[in-house]
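Data block below; observations after.
The values are calculated or read from the model by the stated rules, or taken from the named source; none is laboratory data. Fair warning: this is a prediction, and the values are worked out from it, not measured in the lab. Neighbour counts are summed over all protein chains in view; Cβ atoms, including those assigned to glycine, are modelled from backbone coordinates with ideal geometry. With ligands, DNA and RNA removed, areas are computed over all heavy atoms of the protein, side chains included. Shrake-Rupley method; radii C 1.70, N 1.55, O 1.52, S 1.80 Å.
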Amino acid sequence: MNPGKILISESEIAQAITRLVEEIVHNYGDSDLVLVGVMDGAICFLADMIRAFPHPVDMVTARVSSYEGAKSSGQVNIDWLPSREQIEGRHALIVEDIVDTGATIATLTKELIALGAASVNVCALLDKPARREHGVEVTYAGFDAPDAFLVGYGLDYNGKFRNLSDLRKLSGAK
C-alpha cells in the first residue's frame, strides 16, 4: 500500500489553519466556545487549531466514526461523547478531519444539541461535498477534497499513515 503523492502540503495546511482560526475568532468573539474534536482523525488538526488561537480556548473530544477500511459503513458508532457539563449553554464547534457523507457530523450534531449546546457548527480540514448524503453544513472548511481516499495529517487507512505531515491520495485502497 502506497500513501501516494502529496495533494496538500504541510505549509498549505498551516496557512489554512491560520485563515480558519481568524474567521472563527472574528465570528465568535469572546463568546463561550468549546472545540469538540472528533477522534482519532482530527487529532493533528485539533492540536494545531488550538495552538493557533490568540487566546485560551477550551476543547473536549468525542469518538464517533462511520468508516471501515476505505468506505463509510453508513452506520455511525459512538464510543464516547463530552459530558453535559462540558457542553450545556456553550457554543460547540465540531472540529473534524474530513466531512464526507455527513453521517458522523449529523449524528454528533444531534448529540451535542441534546447535551444543551447553545449552537453547533462545523470546522473541517477537508470538505468532500461530492459524497454528501446528509444535509450537514460545513461552516469553516480548510479545503475542498477530491472524491478520493486521502491519508496523512491524522487521516488513516486501517490505522496507517496518520503520521504523515501532509495529505496524500492513497494508492491501492480496497
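In the chain, carbon and sulfur make up what percent of the accessible area (probe 1.4 Å)?
Details: 4030 of 8460 Å².
So the carbon and sulfur contribution to the accessible surface is 48 percent.
Once you have the Cα-Cα distance between R63 and A148, take 0.36 nm times their residue separation minus that, and quote the gain in nm to one decimal.
Details: separation 85, 0.36 × 85 = 30.60 nm, distance 2.33 nm.
That pair, R63 and A148, stretches by 28.3 nm at full extension.
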Rough spin-label spacing in nm, given labels placed 7 Å along Cα→Cβ, for N158 and M1: 0.5 nm
Label-point separation, A14 to E85 (7 Å along Cα→Cβ), nm: 3.9 nm
Whole-Hz couplings from phi, Karplus 6.51/-1.76/1.60, listed for segment 37-54; x for Gly and Pro: x, 8, 8, 9, x, 8, 4, 5, 4, 4, 4, 5, 4, 4, 5, 7, 5, x
Heavy-atom accessible area per residue - the chain, 1.4 Å, Å²: 49 Å²
Unit Cα scatterers, Debye sum, the chain: log10 I(q)/I(0) for q = 0.14 Å⁻¹: -0.69
Residues with amide H under 5 Å from that of L126, placed H, sequence gap 5 or more: I98, V99, G142, F143
Amide H within-cut-off set for D40, under 5 Å, with H built and near neighbours excluded: none
